[in-house]
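Participant: Okay, handing you the structure first.
The values are calculated or read from the model by the stated rules, or taken from the named source; none is laboratory data. Predicted, not measured: the structure shown is a model, and the values here were computed from it. Methodologically, a virtual Cβ is constructed for each residue, glycine included, from the backbone with ideal geometry; neighbour enumeration extends over all protein chains shown.
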Amino acid sequence: MPDTLKITLAQHNQSVGDIAGNAAGILAARERARESDLIVFPELHLIGYPPEDLVLKPSLIERAAAELERLAQATARRGPAMLVGSAFVLDGALHNGVALLDHGKVAAVRLKHELPNYGSFDELRLFHAGPLPEPVVVRGTMVGVPISEDIWRPEVSRHLADFGAEILVCINGSPYEINKEALRIAGVAKRRAVDTGLPLAYLNRVGGQDELVFDGASFVVNGDGSLPVQLRDWEEQEVETRWTKTVPGWRCDRGELQPLASHPEDIYCAMVLALRDRIERSGLAGVALALDGGLDSAVGAAIAVDALGPDQVWTALIPARGADPADGARAEALSHALGCRYREIPIVTALDGGERMLAEAGLASGPDHFPGHGPDQGLAMRLRSTVLLALAERHGAMPLATSNKTVLGLGGALPGDMAGRFNPLRDVYASTVLDLARWRNRERPRIGLGPQGPLIPESLLETGTIAGGGNGLPPLAELDAILKGLIEHDKSVEQLATDGYARDTVRHIEDLLHRGEALRRQAAPGVKLTALNFGRDRRYPMTHAYRSG
């Protein structure tokens with residue numbers, strides 16, 4: 001039996017449904033890793049993750065099976081064996097699984113045992129659970145292949161160890177959440193490695209898919225809990241890891257230890273990568289967004305330029321009557337610093353005509369119910385949406401929304417946002433937007449395409465995004481703390497009052513939160529960053545009578 005192994009971890013992006021494209025990427029990676037014994041690809045890599053109901057199409061499963069056979073035939077040529085995640089139908093049941101391809105054939109298939117059914121996951125709806133898996137044999141070594149959720153409970157890893165596994169290789173489609181990388185390593189992988197005494201290679205996919213974004217950040221943990229290999233986050237990477245068989249068992253040799261992005265660069269990169277993949281896979285020319293002289297739209301524009309480059313971002317100031325000239329000055333300065341396209345499109349004439357039309361019909365432009373917006377702004381907001389849509393259509397771009405989680409939590413949207421098709425700030429509280437702006441003025445994200453240096457006008461950093469103290473709302477820091485208590489921690493009015501917040505203020509904010517559910521369902525989807533984002537994780541009825549205090 002060999003006493004050394006070379007295992008390449010292919011931390012790849014993937015395109016859901018592009019089976020031929022994903023397969024071509026697999027073969028190209030195998031060619032680059034021709035000196036390895038094994039190359040590993042992420043969960044459901046052949047069909048893309050998460051496939052949602054697309055995986056229920058029989059034609060997709062048939063194409064995936066045919067492509068898997070072609071991949072298997074390629075392993076008859078010199079080069080490594082492959083572990084490829086895909087979907088399988090066995091005995092009439094659909095499974096999430098992984099195939100070992102070696103010596104020109106599908107040498108083994110192992111099925112996912114633990115199917116997650118919480119938060120963003122609904123795999124019980126799509127797949128059948130497989131039996132507790134047994135190891136596969138790779139170049140004479142027994143390799144256990146738990147799939148994603150399989151390592152979050154100890155039973156699967158323990159079963160694999162009992163059945164002779166010498167190394168654990170876990171393939172994943174683990175979406176990013178703030179601070180999740182620490183949970184993966186210390187909270188899960190190290191526990192499984194130390195519990196079983198087996199080294200564990202954790203491979204995660206990277207890239208954006210609709211509201212989800214995957215950070216990669218793959219790693220290896222040895223049986224003693226040490227970390228010999230750490231891949232980068234937010235970028236594709238192929239790393240050959242080297243393994244040595246010692247008297248106690250297999251051990252991964254020390255290799256790359258890449259630093260992970262610190263906070264808040266991590267969430268900034270998450271938004272950049274999610275938007276980049278959303279646009280590129282939609283075949284669009286870029287994005288268009290309305291600048292309003294405020295911080296949210298400024299940070300949204302910076303994210304867009306970092307994601308796509310300045311030539312693919314169209315910005316516009318869309319002023320109505322009584323517009324503050326300072327808003328235009330800030331918007332123009334921002335666009336110039338970013339290097340993106342900018343124009344001013346006033347709507348005063350259209351607003352005058354619209355108001356006359358409504359008056360003649362006996363209708364009035366109703367007040368906007370979002371705190372902080374004055375009366376008779378509803379028509380102006382809708383006209384801004386119309387202009388933004390026209391700008392986007394003119395350039396073959398996608399209209400971008402920039403309302404943050406605080407705004408959406410209170411049941412509002414900023415001008416032009418209801419025209420948006422994607423919102424990178426949807427899961428970012430207003431106080432965090434301020435942190436991101438300050439950080440981006442100091443630093444440039446390593447995956448960013450935008451310029452170096454300060455970009456966001458300093459005057460915006462002094463005022464923040466939402467002014468507190470009016471309309472029954474407290475200052476921004478307190479407002480976000482109350483919203484986080486209600487949303488992230490599911491606290492009641494009484495619990496937050498016990499924490500020291502004014503009961504009437506909390507009750508008012510809770511009422512706004514409940515009343516805003518219908519608008520949030522209409523608002524643009526956006527990248528998930530927290531454990532309880534609006535949409536995939538937090539699903540409330542649009543009408544209900546419950547109050548927590």
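Participant: One residue is enough: does region 52-64 have a residue meeting the conditions of a type in the set (Ser, Thr, Tyr) and in contact (Cβ under 8 Å) with a residue 60 or more places away in the chain?
Facilitator: No - not one qualifying residue is present in region 52-64.
Participant: Within region 90-105, can one find any residue that is more than 15 Å from Ile171 (Cβ to Cβ), in contact (Cβ under 8 Å) with a residue 60 or more places away in the chain and surrounded by fewer than 20 Cβ atoms within 10 Å (Cβ to Cβ)?
Facilitator: Checked region 90-105: no residue is more than 15 Å from Ile171 (Cβ to Cβ), in contact (Cβ under 8 Å) with a residue 60 or more places away in the chain and surrounded by fewer than 20 Cβ atoms within 10 Å (Cβ to Cβ).
Participant: If I ask for residues that are surrounded by fewer than 20 Cβ atoms within 10 Å (Cβ to Cβ), over 16 Å from the mean Cα position of the chain (by Cα) and part of a loop (DSSP other than H, G, I, E, B), which ones from region 252-306 would you list?
Facilitator: Listed by number, the residues that qualify are Asp253, Arg254, Gly255, Glu256, Gln258, Pro259, Leu260, Ser262, Gly283, Leu284, Ala285.
Participant: For region 106-150, which positions are surrounded by fewer than 22 Cβ atoms within 10 Å (Cβ to Cβ), among the polar types (S, T, N, Q) and within 23 Å of Ile7 (Cβ to Cβ)?
Facilitator: Within region 106-150, Thr141 is the sole residue that qualifies.
Participant: Same structure, new question: Any idea which residue in region 316-353 is farthest from Thr402 (Cα to Cα), counting only those that are touching a residue at least 12 places away in the same chain (Cβ under 8 Å) and of a type in the set (D, E, K, R)?
Facilitator: Among residues in region 316-353 that are touching a residue at least 12 places away in the same chain (Cβ under 8 Å) and of a type in the set (D, E, K, R), the one farthest from Thr402 (Cα to Cα) is Arg321.
Participant: Separate question: Which one is nearest to Gly300 (Cα to Cα) among residues in region 237-251 that are polar (S, T, N, Q) and assigned to a strand (DSSP E or B)?
Facilitator: Gln237
Participant: Taking Asp266 as the residue in question, decide whether it is closer than 15 Å to Ala10 by Cα and at pLDDT 95 or above.
Facilitator: Taking the combined requirement at face value, the residue does not satisfy it.
Participant: Considering each residue of region 52-84, count those that are touching a strand residue (DSSP E or B) at 6+ places or on another chain (Cβ under 7 Å) and part of a loop (DSSP other than H, G, I, E, B), and give that number.
Facilitator: Of the residues in region 52-84, 2 are touching a strand residue (DSSP E or B) at 6+ places or on another chain (Cβ under 7 Å) and part of a loop (DSSP other than H, G, I, E, B).
Participant: While we're on this one: Of the numbered conditions (1) of a type outside the set (Ser, Thr, Tyr); (2) part of a loop (DSSP other than H, G, I, E, B); (3) without any contact (Cβ under 8 Å) to a residue 40 or more places away in the chain, Asp511 fails exactly one; give the number of that condition.
Facilitator: (2)
Participant: Out of curiosity, is Glu123 among the acidic types (Asp, Glu) and either in contact with a strand residue (DSSP E or B) (Cβ under 7 Å, 6 or more places away or on another chain) or not assigned by TED's automatic domain parsing to the domain that holds Thr8 (or both)?
Facilitator: Yes.
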